[in-house]
Amino acid sequence: MQIIENSTIYDVIIVGSGAGGGMATKILAEAGLKVAVVEAGPYFDPAAPEQQTQFKWPYESPRRGANTVRPFGEFDSAYGGWDIEGEPYTTEEGTDFRWFRSRMLGGRTNHWGRISLRFGPNDFKRKDMDGLGDNWPIGYDDVKPYYDKVDKLIGVFGSNEGLPNDPDGFFLPPPKPRLHELFYIKGARKSNIPVYPSRMSMLTKRINDERGICFYCGQCSRACSVYADFSAGTCLIFPAQKNGGQIDLFVNAMVREVTTNEEGKATGVSYINKEDRKEYQLKGKVVVLAASACSSARILLNSKSKQHPNGLGNSSNIVGRYLHDSTGGSRSAFIPDLMNRKVYNEDGVGGMHVYTPWWLDNKNLNFARGYHVEVWGGMGMPSYGFGFNHNEFNKYFGINVGGYGNPLREEVKQYYGSVMGFGGRGESIPQKDNRCEIDPTKVDEFGIPVLKFNYKWTDDEINQVGHMHDTFEEIVHNVGGHLLGDKPTIEQKNGIYAPGEIIHEVGTTRMGDDSRTSVVNKFQQLHDVDNVFIVDAGPFVSQADKNPTWTILALSWRTSDYIIEQLKMQNI
Amino acid sequence: MDRRKSIKSLILGGVAGGLALNGCKPENVEPTGENIASGAEAHFGRTPEEKEQIAKLNATQFLNAHEVETLTVLVDLILPANDTYGSASDAGVIDFIEFMTKDYPKFQTPIRGGFMWLDHKSNKDFGVEFKTATPEQQKLILDTIAYPDVEVPEPKRPLEVQFFSLMRNLTLTGYYTSKIGIEDLGYVGNTPNVWDGVPEDVLKQHGVAYEDEWLAKCVDQSKRNTKAEWDEKGNLLT
């Protein structure tokens, strides 16, 4: 049976099944709308034996978990990565961008760190605070009710601390810190750097009868087979199907463009079926793009017509512009006081149990905005790379490095769990010229013109990452540790990650009241075409120093409510 | 949770066509039982394309018979058996290194060249190939390459020192990711459990402690199964 060219007219076609698309699917389908979800990758269920990587041992893989195929290692659940065969992208000479894509049901929510931070009141009004970038046309109060609902629907652990720009929520209780995290707390506090329980979307406590509770295998990046952590497939799309939602799921379907009629209104989408490599059309009253910031921009720019010669929704020439990713800097250290550990199961949740939100005032600093600090360490499951330079730290004790034979066994154990690492994730200033656009000279294997990126960090971002390194060094010094590797120099741009490497890219279809300077209005509806909405991170005006997922979810819910209301009023 | 139902509803959702076109057939997502681990025994989560790539790599051989024999001697010098645990070759390190030379072709020349260096050195010093030299002779050679000068950055170290470091890295990583090695290490995770903090004796050993104020925020594991309810201010009631 062919699904295509059928006469079904969907109420809504949703392109993409990650955080934004998953939430829209749940809200719109449960409201009784007939929904088509179009996903570029295969069906994925972490409980399906064939797709499961949770609880696998490294020796079940011939490469023992090495990352030669999947960028985060063999057992990471993301299908795709920065480079996908047959799906190239280009960069303007002298600029840099690395575009991560997950092709699968649930998209990147299957493997992300699940750090789930609300934006605070300041994050929506940054221009008011430092004159840089732009304010969002909405404020925290517009989003707060949705953050609250997302907390309760999906589940997030954390603690209410009354912080001004890291708002309280409806938290599940956090897990206790692990040993390296107690060291982190000790070291950070010596320098008056605050530490709090982290805020992540794993169920430390039951929230409903549908999902399992976290059993602390530390493998969230492998996707949870009992659905105890958040991913869009398991927590939004499957439940919506179970609740009777009319959802037609089109997988391995790569959307080429949004189709439009004589009036310039959207009529649906066309996509390439990856299996038979033919193009098909779906018809719908409303099109919701949730393909990820850059993919949605690409679809819009490729949707050229007589009515929209510059691409759909692009009368402003803003589509693709203001692309920005989080800043990133990282460092690790050897902590002698963490040597000679008694071995016990400290897998914990997959990721950090404690973190540091941004804590300083920029007045005395040489950069704008801030960053949070993530911490890692502990006695994890060995994988490819374990045991490399096994006794390298001997040098700190004046002992020979290297050797062979049975003494290695003791040395490996001596150092197991004695390394701690830090990641700084910060806010960058959106720049109009940081952008993706269509490269007219190249197509992907589906014949769809590809994106060309043009992105440069400014001094604000580079200096901010320099500050991260100062912070890491201070903390390590406070716990008597040895920093590994050299501190990156200013010539090395302080070690700032390439744009796109933190995988928080946002801003390509930004939100605003003025149709000349923005792409969507405050309900994420195209200024130019009222039946097209964007619910991924494209509409973000700014990024905050926070991972974008919780905000994508809240805004997607808000937009979905708006779509339902507008359909009822027959406005679209 | 009834996964069977959710999968059925997916198919009823109208995707029959979609699934038929999908590389992942419906029978593939059918759960085979409640036990997650045993249900997935034969797989480790590869996509069809990934499986194909692994099969392709496995169908070719990089190391020749002489190199495999040399490698076996070498990895077992790096990590021999002891009274309790098997040696590196017992732990499957040979297959692992053979696979990695194909999976990461940059290893090929340094490894192949490294074996040539070993034989050259052994022939010159003892008149025999490395693999047939006595253990004492083999160790005399290793002693010259097994202790890198840490003041010299790795890429500037002599090729044979770099070669040995690479072989030791691959041997140890292969060993400690094997069943034998994981047991030797004592890693006890990768299993459902309930994390309830660092044991008291460990806290003492490392000179740290939990603060009451912090612990008060943390999960009470005896109530993990009780459904979460909050008051309107976000205070957890249950």
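A few remarks follow.
- Matching option when the condition is within 25 Å of A:Lys176 (Cβ to Cβ), in contact with a helix residue (DSSP H, G or I) (Cβ under 7 Å, 6 or more places away or on another chain) and buried (at least 18 other Cβ atoms within 10 Å of the Cβ), among A:Gly380, A:Gly311, A:Gly320, A:Gly350: A:Gly350
- Selection count where residues are buried (at least 16 other Cβ atoms within 10 Å of the Cβ) and more than 14 Å from every other protein chain (Cβ to nearest Cβ), scope region B:113-129: 8
- Residues that are at the interface with chain A (Cβ under 7 Å from one of its Cβ atoms) and either in contact (Cβ under 8 Å) with a residue 40 or more places away in the chain or open to solvent by 80 Å² or more (accessible area, probe 1.4 Å) (or both), drawn from region B:206-222: none
- Residues in region A:136-145 that are under 21 Å from A:Leu163 (Cα atoms) and either of a type in the set (D, E, K, R) or open to solvent by 10 Å² or more (accessible area, probe 1.4 Å) (or both): A:Gly139, A:Tyr140, A:Asp141, A:Asp142, A:Lys144, A:Pro145.
- Considering only residues in region B:15-70 that are hydroxyl-bearing (Ser, Thr, Tyr) and at pLDDT 95 or above, the one that is surrounded by the fewest Cβ atoms within 10 Å (Cβ to Cβ) turns out to be B:Thr60.
- Within this structure, A:Arg70 passes the test of being more than 8 Å from every other protein chain (Cβ to nearest Cβ) and free of Cβ contacts under 8 Å to residues at least 12 places away in the same chain.
- Filter result for A:Leu249 (within 11 Å of another protein chain (Cβ to nearest Cβ) and either touching a Cys at 6+ places or on another chain (Cβ under 8 Å) or buried (at least 24 other Cβ atoms within 10 Å of the Cβ) (or both)): yes
- Flag if A:Phe238 is in a helix (DSSP H, G or I), modelled with pLDDT of 95 or more and crowded, with 24+ Cβ neighbours inside 10 Å: yes
- The residue pairs whose first member lies in region A:82-94 and is crowded, with 17+ Cβ neighbours inside 10 Å, whose second member is among the β-branched types (Val, Ile, Thr), and whose beta carbons are closer than 8 Å, counting only pairs six or more residues apart or on different chains, are A:Glu87/A:Val450; A:Tyr89/A:Val450.
- Of the residues in region A:165-179, not one is assigned to a helix (DSSP H, G or I) and either open to solvent by 40 Å² or more (accessible area, probe 1.4 Å) or at pLDDT below 95 (or both).
- A:Tyr43 passes every criterion in (1) part of a loop (DSSP other than H, G, I, E, B); (2) open to solvent by 10 Å² or more (accessible area, probe 1.4 Å); (3) at the interface with another protein chain (Cβ under 9 Å from one of its Cβ atoms) apart from (2).
- Restricting attention to region B:179-200, the residues that are free of Cβ contacts under 8 Å to residues at least 12 places away in the same chain, at the interface with chain A (Cβ under 7 Å from one of its Cβ atoms) and either at positive phi or open to solvent by 70 Å² or more (accessible area, probe 1.4 Å) (or both) add up to 4.
- Residue count for region A:76-103, restricted to those that are within 21 Å of A:Asn454 (Cα to Cα), within 14 Å of chain B (Cβ to nearest Cβ) and of a type in the set (S, T, N, Q): 0
- Residue within region A:110-128 that is assigned to a helix (DSSP H, G or I) and out of contact with any Phe, Trp or Tyr (no Cβ under 9 Å at 6 or more places or on another chain) present: yes
- Residues of region A:515-572 satisfying the condition of being outside any helix (DSSP H, G or I), farther than 25 Å from A:Arg101 by Cα and among the aliphatic types (A, V, I, L, M): A:Val529, A:Met569, A:Ile572
- Total residues in region B:76-99 satisfying the condition of being in a helix (DSSP H, G or I) and either over 15 Å from the mean Cα position of the chain (by Cα) or free of Cβ contacts under 8 Å to residues at least 40 places away in the same chain (or both): the figure is 6.
- Out of B:Phe163, B:Phe99, B:Phe107, sole residue that is closer than 18 Å to A:Gly385 by Cα and in contact with a Gly (Cβ under 8 Å, 6 or more places away or on another chain): B:Phe163
- Enumeration of residues in region A:353-377 that are of a type outside the set (Lys, Arg), under 30 Å from A:Ser116 (Cβ atoms) and open to solvent by 20 Å² or more (accessible area, probe 1.4 Å): A:Trp358, A:Trp359, A:Leu360, A:Asp361, A:Asn362, A:Leu365, A:Glu374, A:Trp376, A:Gly377
- Considering only residues in region A:373-397 that are under 25 Å from the mean Cα position of the chain (by Cα) and more than 7 Å from chain B (Cβ to nearest Cβ), the one that is farthest from B:Leu185 (Cα to Cα) turns out to be A:Val373.
Listed here are the residues, each with its yes/no results for (1) open to solvent by 10 Å² or more (accessible area, probe 1.4 Å); (2) of a type outside the set (Phe, Trp, Tyr).
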{"position": "A:Thr234", "(1), (2)": "no, yes"}
{"position": "A:Val255", "(1), (2)": "yes, yes"}
{"position": "A:Glu262", "(1), (2)": "yes, yes"}
{"position": "A:Lys265", "(1), (2)": "yes, yes"}
{"position": "A:Ser270", "(1), (2)": "no, yes"}
{"position": "A:Glu275", "(1), (2)": "yes, yes"}
{"position": "A:Tyr280", "(1), (2)": "yes, no"}
{"position": "A:Lys283", "(1), (2)": "yes, yes"}
{"position": "A:Val288", "(1), (2)": "no, yes"}
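- Check on A:Glu411, farther than 30 Å from A:Lys190 by Cα and not hydrophobic (A, V, I, L, M, F, W, C): yes
- Residues of region A:186-201 satisfying the condition of being open to solvent by less than 10 Å² (accessible area, probe 1.4 Å) and part of a helix (DSSP H, G or I): A:Gly187, A:Ala188
The values are calculated or read from the model by the stated rules, or taken from the named source; none is laboratory data. The model shown is predicted, which means the values in this text are computed figures rather than measured ones. Don't worry about glycine lacking a Cβ; one is built from the backbone with ideal geometry, like all the others, and counts go over all protein chains shown. All accessible areas refer to the heavy atoms of the entire protein, side chains included, with ligands and DNA or RNA removed. Shrake-Rupley method; radii C 1.70, N 1.55, O 1.52, S 1.80 Å.
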